[in-house]
Each structure stands twice: as structure tokens, then as C-alpha cells.
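Report on the structure given below.
The values are calculated or read from the model by the stated rules, or taken from the named source; none is laboratory data. Remember, it's a predicted structure, so these values are computed and weren't measured experimentally. Glycine also receives a Cβ, built like all others from the backbone with ideal geometry; neighbour counts cover every protein chain displayed.
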Amino acid sequence: MAKPTLYIIRGLPGSGKTTFAQQLAEMLKIRHVETDMLFEDVTTGEYRFDASKLSIYHAACLASCKHYLEEGRSIVVSNTFVRKWEVAKYTDMAKDLANVVEYTCKGDYGSIHDVPPEVISRMKATWDT
């Protein structure tokens, strides 16, 4: 049986990560997850960022990816992944389970979650290539 694939999509807020990930997942008929999805109210769809939940939601996103890969199913994950150690959590988890393909989005479409420009600037300054 062929190994599943973990597709990692990284980029700054507004770079096109979610759109690309959704298109890739639809094309490949696989699941797409990202930490931001967990900040969406399930009844209204409204996005409500809560920094106190960020580490919990990142862990849940990683666990979701691991679950799909352990079932032998490919998955797309899109998060900012500003630092390489953030990507490494996923690549380390997947090393025996899946092939890994990484994409970096570099567009400038504006943040749909109203991330302040100064936050995006800080992320850009600490970006690991």
C-alpha cells in the first residue's frame, strides 16, 4: 500500500494559503485542516480569534493530521508556519507515516482575519526560509 501524503502549506496572513489548500484538497479529494478553522463558531461561522486557545488549537490541528495519516489518508494542512520548527512538528510526526510535500504561498491578498499590519510585519521579519 502506498504511503499517504501530507501537504504542508505555509505563508504569511493574506498570502493565499487557505485558498490554495482548499483548491488542492478539492482537486485531490482529500481533507484540509488549519488551526484557524477551530476559531470559527460552528453555528454562525464567525471567526473569533482567542490567543489563549492558540497552543491548544495548534496541538489539535497536528493531532488531526496524524489521525488521517495513521488511517492511510492524505491530508492538506495550512498554517502560517513562520518558523521552521513549526513545520518540523509536522514533518517529524509524519516521517514514518507519509510522504511530505511543502508549499510556500507568497501572495498579498490581504488578511481575511484582520491580522494587524504590524503583526504581519513581525512575522515577515522572523520568517524562516
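A few remarks follow.
- Scanning the range 95-106 for residues being touching a residue at least 24 places away in the same chain (Cβ under 8 Å), part of a loop (DSSP other than H, G, I, E, B) and within 30 Å of residue 71 (Cβ to Cβ) gives a total of 3.
- Scanning the range 71-93 for residues that are surrounded by 13 or more Cβ atoms within 10 Å (Cβ to Cβ), touching an Asp or Glu at 6+ places or on another chain (Cβ under 6 Å) and part of a helix (DSSP H, G or I) yields no hits at all.
- For the range 113-124, filtered to residues that are in a loop (DSSP other than H, G, I, E, B) and more than 15 Å from the chain's Cα centre (by Cα), the residue that is farthest from residue 4 (Cα to Cα) is 116.
- Look at the range 48-74: where a residue is without any contact (Cβ under 8 Å) to a residue 12 or more places away in the chain and a partner is in a helix (DSSP H, G or I), sitting 6+ places away or on another chain with Cβ atoms under 6 Å, you get 48/39.
- Per the listing 7, 109, the residue uniquely within 23 Å of residue 127 (Cα to Cα), out of contact with any helix residue (DSSP H, G or I) (no Cβ under 7 Å at 6 or more places or on another chain) and either modelled with pLDDT under 95 or not in a helix (DSSP H, G or I) (or both) is 109.
- Qualifying residue in the range 31-45 (condition: surrounded by fewer than 17 Cβ atoms within 10 Å (Cβ to Cβ), farther than 29 Å from residue 121 by Cβ, touching a residue at least 40 places away in the same chain (Cβ under 8 Å) and under 14 Å from the mean Cα position of the chain (by Cα)): yes
- Scan the range 15-30 for residues that are assigned to a loop (DSSP other than H, G, I, E, B) and more than 17 Å from residue 109 (Cβ to Cβ) and the total you get is 2.
- Filtering the range 47-101 to residues that are touching a helix residue (DSSP H, G or I) at 6+ places or on another chain (Cβ under 9 Å) and farther than 24 Å from residue 4 by Cβ leaves 47, 48, 49, 50, 53, 54, 56, 82.
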